[in-house]
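All remarks here apply to the structure that follows.
The values are calculated or read from the model by the stated rules, or taken from the named source; none is laboratory data. Values in this document were obtained by computation on a predicted structure and should not be read as measured data. As a convention, Cβ positions derive from the backbone with ideal geometry for all residues, glycine included, and neighbour counts pool all protein chains shown. Accessible surface areas use protein heavy atoms only, side chains included; no ligands, DNA or RNA. Shrake-Rupley method; radii C 1.70, N 1.55, O 1.52, S 1.80 Å.
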There are 2 protein chains.
Amino acid sequence: MEIQIKADLLGNNEDQALINRTRYNQHGVFCINVMGSPGAGKTTLLERTIDMLKDKISIAVIEGDIYTAKDAERIEAHGIPVVQINTEGACHLDAPMVNKVLDRFELEKLDLMIVENVGNLVCPVEFNTGEHIKVAVLSIIEGDDKPLKYPLIFRESEAVVLNKVDLAPFCDADIEQMKQDLRSINPNINIFSVSCRTGEGLEAWSQWLLSETNKPR
Amino acid sequence: MEIQIKADLLGNNEDQALINRTRYNQHGVFCINVMGSPGAGKTTLLERTIDMLKDKISIAVIEGDIYTAKDAERIEAHGIPVVQINTEGACHLDAPMVNKVLDRFELEKLDLMIVENVGNLVCPVEFNTGEHIKVAVLSIIEGDDKPLKYPLIFRESEAVVLNKVDLAPFCDADIEQMKQDLRSINPNINIFSVSCRTGEGLEAWSQWLLSETNKPR
């Protein structure tokens, strides 16, 4: 019975995700769902990415957090539309939560919608919010064993941003091992080694995101 | 209806947790449930703690991971009993999972059982496994906004280990702000600033854990 209920809940989520996806498509909006542990650097990556791309494309952000609006306030300071979703305890965003806030954006004016999920390397990947692709953010400081310990998020993601590479000299993480393990989980994954602090690697990441956004679909 | 089902599931978990707790108490075992994000440093903290305390008290570990036995192998190398629970996708340990493995330990010979939960700052805190106290591990590299963004785990924990303080010069985290926010969430929380890498602060942490283990109860 438990499995049945879960299947139904996920079924409803899939239906709603399809509705969201259709709305994005109608307006030519490309949507990415950004996921990762607390402190992986998702919001900082968004801030840097917005600054690099906002003169080229029109961007908006949906911020998922359990309680606060701290991340939305950070994004807002970069002058783009942002809506905060507080999940009030829930460990992930789902398609109905995202659907409820879509009317607050002028979708017809947007090129890229970035959904920043709740900080959690486990649960968010199980809930399609209607995005076109998932992107994982993993800080090297989390340790080089993380790809194999949490494979699902990397299997489902189109790209992974390996963040905080400036701290490589001060930790024991083997970045080459991380890349190798990521490719063993998902041979097609795009891997970007970056430091949001120093700016290293951000050009390649933002160029890739720009070209994905502009792909005909 | 959804709420009802959740209440029932948690109700069953509470019943099972009480059974686990009773078993610990019958054998004079003190049990802690160690929780934190992926890469906060839970396993490394356990390794250091075991090395500091294993000549003084008898310790065992239950390792919770989604898929691999990587952490259990690390603990095993320190010569203490360890059992791995693979949750096969689930984002937390619960009381029935822990109950299933308790028979694999000689509880009458133990002083301290350490349960290392799945790497997740959100979900594990909602599931009592029968432990006496919860302990949160938070790496300062995760950022100083994390206590306020994920308050529940810190509200429910008896102690928090602020790990990786050796990296303070290379990140922007304000450790005093973190401590202040932790105390605003939970005025009674015991805060230990440590570096598992350099050993800084581990003596105070392990002495506290030893005295908690030896408390009459």
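Thinking of the protein assembly as shown as a set of Cα atoms, what percent of all their pairs are more than 42 Å apart? It works out to 14 percent of all Cα pairs. Given R0 = 56 Å, the distance between the Cβ atoms of A:Asn214 and B:Ile133 translates into a calculated FRET efficiency of 0.60. Its Cα centre serving as origin, the stretch B:107-217 has a Cβ charge dipole (Lys and Arg +1, Asp and Glu -1) of approximately 220 debye.
Note on the protein assembly as shown: with charges restricted to the Cβ of Lys and Arg (+1) and Asp and Glu (-1), its dipole about the Cα centre is near 0 debye. Note on the stretch B:113-202: semi-axes of the ellipsoid equivalent to its C-alpha gyration tensor, largest first and rounded to whole Å, are 21, 15, 12. Spin-label pair B:Glu203-A:Ser58: with each label point 7 Å from Cα along the Cα-Cβ axis, the two points sit 6.3 nm from one another. Longest exposed-loop-site-free stretch of chain B, with GluC sites (Glu not before Pro), DSSP loop and at most 13 other Cβ within 10 Å? Result for the longest clean stretch: B:107-199. Just so you know, the Cα atoms of the stretch A:59-169 work out to an Rg and Dmax of 14.8, 46 Å.
What is the projected area of the convex hull of the Cα atoms of the stretch A:117-168, averaged over all directions, in nm²? Averaged projected hull area, Cα only: 3.7 nm².
I'd like to know how the stretch B:141-186 sits against the 2.2 N^0.38 Å rule of thumb: what's its Cα Rg over that expected value?
Relative to the 2.2 N^0.38 Å estimate, the stretch B:141-186 comes out at 1.10.
Between copies, B:Glu126 shows label-point distances of 1.0 nm, shortest first, with the point placed 7 angstrom from Cα along Cα to C-beta. B:Gly79 label point (Cα plus 7 Å toward Cβ) to equivalent points in the other copies: 6.4 nm, shortest first.
Beta bridges assigned by DSSP with both partners in chain A are antiparallel in approximately 0 percent of cases.
Heavy-atom accessible area for B:Ser193, with the other protein chains in place and a 1.4 Å probe, reaches approximately 40 Å². The DSSP beta bridges internal to the protein assembly as shown are antiparallel in roughly 0% of cases. With q set to 0.08, 0.09, 0.17 Å⁻¹, the log10 of I(q)/I(0) for chain B, from the Debye formula over equal scatterers at the Cα positions, is -0.26, -0.33, -1.24.
Ignore the peptide's own chain and count Cβ atoms of other chains within 10 Å of each Cβ in B:85-93; give me the average, rounded. The mean count of partner-chain Cβ atoms within 10 Å per residue comes to 2.
With n ≥ 4 as the cut-off for DSSP H runs, can you work out [θ] at 222 nm for chain B, using -39500 (n - 2.57) per run divided by the number of residues, rounded to the nearest 500?
Calculated mean residue ellipticity at 222 nm is -12000 deg cm²/dmol.
Projection of the Cα convex hull of the stretch A:1-126, averaged over all directions and equal to a quarter of that hull's surface, yields 7.6 nm².
With the label put 7 angstrom out from Cα along the Cα-to-Cβ vector, A:Thr22 ends up 5.4 nm from the copy partners, going from closest to farthest.
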